[in-house]
Structures are given as C-alpha cells and as structure tokens.
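The values are calculated or read from the model by the stated rules, or taken from the named source; none is laboratory data. Just so it is clear, the model here is predicted, and its values are computed rather than measured. Neighbour counts run over all protein chains shown; Cβ positions are idealised from the backbone, glycine included. What goes into the accessible areas is simple: the full protein's heavy atoms, side chains included, and nothing from ligands, DNA or RNA. Shrake-Rupley method; radii C 1.70, N 1.55, O 1.52, S 1.80 Å.
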Amino acid sequence: FCARFGTRVTVVNSRMTPSERADQMERARRGEVSIMIGPRSALFAPFPDLGLIVIDEEHETSYKSEVTPRYHARETAVRRAGLEHAHVVMGSATPSVDASYACETGAYALFRMDARYGNAALPSVWIADMREELQMGNRSILSGKLREEIEKRLEKKEQVVLFLNRRGYAGFVSCRACGYVMKCPHCDVSLTAHNHGKLVCHYCGYEQPRVEKCPMCGSPYIGGFKAGTQQIEQVLRKTFPKARVLRMDGDTTKTKNSYEEILSSFAAGEADILIGTQMIVKGHDFPNVTLVGVLAADLSLYVSDYHAAERTFQLLTQAAGRAGRGEKPGEVIIQTYNPEHYSVICAKNQDYNQFYEEEIFYRQAMRYPPVWHMLVVLCASKEEAEAYSCAKEIADTMEKVQADKKLQMIGPADAAVAKVNDIYKKVLYFKHPDYGVLIQIKDKVEQFMEEKQGVKNISVQFDFDPVNGF
C-alpha cells in the first residue's frame, strides 16, 4: 500500500501503545492520511470524509469482539458506511455463511472471481480415510499416501506444508475404527469430555457417562484425539531423518519477530517441511510448496458449536490453497476419520456453492443464524448455585413476559468452559427470526436485573449471534 499510495497510508495494530494509536487516529481526523490499515478497531478512524471500507478475509472469527461490547466488524462497517454514505467491500475465498445469506436475500451484492491469481491451476485433492489405515495396521499420524508423497517431494527438493487442525482439540470423543462421534441427542452438536468422567452438551446441559467401547461398532478405539505439533515434529524427524523441519505454533512464535523469521526462513528454502496450526494457512504464498497435508481434518467438525462445519470447510479450503501457487502443480492430502461429511467432500471439490446449500439447509432446520437470530445470556458468579439461580430466574421471568410462540429458549446450561478463575458460568440461549424481539428480551433482562436486589455478586452479559460457542 505504501508503494502505491506513499505517505497517505498509516497502520494501527495491537502492538502499538495507546498514545501511538491515538496519534494515528488524530492524523486521520486532520486529513493527513487517506488510508488506515488495521484490525477491527481501525473501523473507528475519524476520517472526515469516509468513502470506502474494505474487510479482507471477512469470514475470520476475530472480527467479532470477545469482550463487551461484543460488536462484529462486518455489521459495524455496514452501519458506519450507511451513516456516512460510504461503500463496503468484503473479500474472502471462503465467505461466511452469514455474508452469503445476505447476498442471497439481497442485502449485499455478490461479485465472483472465478480464476486463481496468475491463472494458476487449482491443486489436486485426495482424501485419506484414516479408518482404513487403522484396519491395515497403520497407527501412525501419517497415512501411507501422505508418507509416499512427502518422500517424493524431498527427492525433488520441493517443499511440504503440514497443517494440524487443532480447533476442538480436546473436546470431542470419536471412534478411530468407524469414525462415529458421540453427539447430543437433543442439539446435534458433539458431546464434550469433561474431567469428571462425563460427556456433556454445552447447549442444553445433557450429560452421560464416558464410554469404553464404541456404541456403533463395539471397538475399544474410542476417545479424544491426542496429537500436537511437537509429537508430529518428532514423528517426521524419525520418519525422514534428512528432512529439515520447521514448526510454527503458539510455542515457537512467542517472541516479537519469530513469526516473520520462521516464514522468511521457509520462503528462502532453508527448510523442507513446515508444520503448524491454523496460522500457517492464512494467505501465505510459497511457490515451491507442491504438497499440503491436512492432519486430523475433522477435529473442528465436532466442536460444540453450530459453526463447526463452516469452520472446517474454510480451514480445509484455505489450507488447500497453499499448494501449487507457483508454476509447479500442487497436491493436497486431507486425512480424516469422516470422509463422508459434506464439509470435507466440498473442500476436496473446492465447491463453495454446494457447501453453502448443505449448510444453509442445516441452519434452517435447526433454526440457527443467519436464518434465525440467537441471543446468549451469560450469568457468572463465584458461587455456582448463585449463577444457576440467576439464570433460572431469568428463564422463568422471560417465559411469563414473552408470549411469542416462535421464541425458543434453551437452558440454563453450563457454558462451554463452565469455570474460569473460580468463576462459574451458566448460559441461556434465545432464538427468534426477528432480531428486534431478541433486543426486547435483552432490555427486559436488564430491567429484571436492575429491579432484583442483592445481585451484586452476579455478572450478566449478552452476545447476539455468537461467533464462538459459549
């Protein structure tokens, strides 16, 4: 941007001090700069004559604030542009279901870019069924196909990226023999293993004991997935002793410049294999990478969150997009225990339209956003009984005052992480097709909390259309 527009460009980011950020905002207010690049806080740049807001990778979950007020950058951008008669352009290779639904309903206009940059060919994608690998006696993290292809790339002096899908890492319980996943009978989300030996649904509170054998096929190979980037690095060093391996995850990128150092080292050809979590699939361009391996592709399918299939499709498609970005053709191998799932099949075919049709049908059937809207009311207290009692009172009060038959209420239930720093969290979910009805409920809950005496020890927070599971 600076090469194109010179000194009219400024940047804000979280590493800057508050005074440095304030200086850049003041420059925008005085008209000294015309372009501000930054995270969601850049939306509040006080340009006197705003003309355009560009949201790149609009599907990113980080555009939703995790702290109060829980605003979403996409909605905020549209609202601000409307107030100031500006335009909003959103870009993504894997648009969010919310944005696609807005295009379908006419709220947004859709523009397609069907060709890859430089007219590069899309990579060939293969699915490795890890259930078959287990039956053939292969208990390694690497499928036979992936091991073979890595060997070929090392011989040709080409590079390999291995992506470990760690979303939902510890939670879900699955069978490695048949791929069956323990799900809630009431909510169609996976049950989460808790330390007290129970499997719990984070949407309705349903519980059942942990199982020793798969209810579907009777196999004892049922449990949580146990593999991190360090274990994968050890396996690779043992399997390919001559390969130069780089690892990129939360542990190796703690220092300020480590992120750039690892990427530039890999780009310079100083390593043959790069292993990492989702930070390595975000738009990086390595022309010599001709093979991408996705390990545990289905981990993110079983997060206790209705966005699970959408996140999986996005991650797999973005990971596949790292292969074959130069002149050499690319290949992608997706390792999964659930090769029949539509998000995996659509990612293999790189068919966004088919994925969207399947996913929006599911959202309509289950009455989830964006077809319906959802309000989460979170009650937190140092006393678990107080948090539950407050949530229950809110639920009972709302049942009395809100006679709308379309309104659905679920809970009280434990939050996804039920206790943090000795604070217990209980949640209520409200679903309704009309966003305005949920705003009325929020107002009534606030009024109820103001009228209720002696609730100083309880915190109540609201989140509309949550992006991450509560």
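None of GLY51, GLY38 is under 24 Å from GLN314 (Cβ atoms), touching a helix residue (DSSP H, G or I) at 6+ places or on another chain (Cβ under 9 Å) and modelled with pLDDT of 90 or more except GLY38.
Matching residues to (1) without any contact (Cβ under 8 Å) to a residue 40 or more places away in the chain; (2) within 20 Å of the chain's Cα centre (by Cα); (3) outside any helix (DSSP H, G or I); (4) within 30 Å of SER124 (Cβ to Cβ):
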{"residue": "ASN353", "(1), (2), (3), (4)": "yes, yes, no, yes"}
{"residue": "TYR356", "(1), (2), (3), (4)": "no, yes, no, yes"}
{"residue": "TYR368", "(1), (2), (3), (4)": "no, yes, yes, no"}
{"residue": "CYS379", "(1), (2), (3), (4)": "no, no, yes, no"}
{"residue": "LYS392", "(1), (2), (3), (4)": "yes, no, no, no"}
{"residue": "ASP404", "(1), (2), (3), (4)": "yes, no, yes, no"}
{"residue": "ALA416", "(1), (2), (3), (4)": "no, yes, yes, no"}
{"residue": "PHE430", "(1), (2), (3), (4)": "no, no, yes, no"}
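Of everything in the range 117-138 that's open to solvent by less than 50 Å² (accessible area, probe 1.4 Å) and part of a loop (DSSP other than H, G, I, E, B), which residue is nearest to GLU148 (Cα to Cα)? Taking the candidates together, the pick is ASN138.
Of the residues GLU57, GLU20, the single one that is on the phi > 0 side of the Ramachandran plot and out of contact with any Leu (no Cβ under 9 Å at 6 or more places or on another chain) is GLU57.
A single member of ARG322, ARG367 is out of contact with any helix residue (DSSP H, G or I) (no Cβ under 7 Å at 6 or more places or on another chain) and modelled with pLDDT of 90 or more, and it is ARG367.
Reported count of residues in the range 139-150, each being free of Cβ contacts under 8 Å to residues at least 60 places away in the same chain and assigned to a loop (DSSP other than H, G, I, E, B), is 1.
Filtered by the rule that a residue be of a type in the set (Asp, Glu) and open to solvent by 70 Å² or more (accessible area, probe 1.4 Å), the range 139-150 gives a lone residue, GLU148. Of the listed requirements (1) at pLDDT below 85; (2) open to solvent by 20 Å² or more (accessible area, probe 1.4 Å); (3) farther than 30 Å from LEU375 by Cα, THR239 misses just one: (1).
Take the conditions (1) under 27 Å from SER190 (Cβ atoms); (2) among the basic types (Lys, Arg); (3) open to solvent by 40 Å² or more (accessible area, probe 1.4 Å); ARG363 misses just one of them, which is (3).
So that you can scan it fast, the table gives a plain yes or no per residue for (1) open to solvent by 30 Å² or more (accessible area, probe 1.4 Å); (2) touching a helix residue (DSSP H, G or I) at 6+ places or on another chain (Cβ under 8 Å):
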site	(1), (2)
ALA391	no, no
LEU428	no, yes
LYS442	yes, no
GLN461	yes, no
PRO466	no, no
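Taking the numbered list (1) in a strand (DSSP E or B); (2) at pLDDT below 75; (3) of a type outside the set (Gly, Ala, Ser) in turn, HIS196 passes all entries but (1).
Yes or no: GLY283 open to solvent by 10 Å² or more (accessible area, probe 1.4 Å), modelled with pLDDT of 75 or more and at positive phi? Against the criterion (open to solvent by 10 Å² or more (accessible area, probe 1.4 Å), modelled with pLDDT of 75 or more and at positive phi), GLY283 does not qualify. Out of ALA170, ALA227, one residue alone is over 19 Å from ALA309 (Cα atoms) and either open to solvent by 30 Å² or more (accessible area, probe 1.4 Å) or at pLDDT below 80 (or both). It is ALA227.
Apart from one condition, MET409 fits all of (1) over 26 Å from THR192 (Cα atoms); (2) open to solvent by 20 Å² or more (accessible area, probe 1.4 Å); the exception is (1). Take the residues in the range 328-340 that are touching a Gly at 6+ places or on another chain (Cβ under 9 Å) and in a loop (DSSP other than H, G, I, E, B); name whichever of them is surrounded by the most Cβ atoms within 10 Å (Cβ to Cβ). Across the range 328-340, the extreme among qualifying residues is TYR337. On the given criteria, is ALA323 crowded, with 23+ Cβ neighbours inside 10 Å, in a loop (DSSP other than H, G, I, E, B) and among the small types (Gly, Ala, Ser)? Yes, satisfied. Out of all the residues in the range 151-164, which are surrounded by fewer than 15 Cβ atoms within 10 Å (Cβ to Cβ) and outside any loop (DSSP other than H, G, I, E, B)? Within the range 151-164, GLU151, LYS152, GLU155, LYS156 meet the criteria.
If the condition is being touching a strand residue (DSSP E or B) at 6+ places or on another chain (Cβ under 7 Å) and modelled with pLDDT of 90 or more, then the range 385-406 contributes ALA387, TYR388, CYS390, ALA391, LYS392, ILE394, ALA395.
In the range 444-451, is there at least one residue being of a type in the set (Lys, Arg) and open to solvent by less than 60 Å² (accessible area, probe 1.4 Å)? Checked the range 444-451: no residue is of a type in the set (Lys, Arg) and open to solvent by less than 60 Å² (accessible area, probe 1.4 Å). Restricting to the range 310-330, what's the tally of residues that are under 20 Å from ALA115 (Cβ atoms) and acidic (Asp, Glu)? The number of residues fulfilling the criteria is 1.
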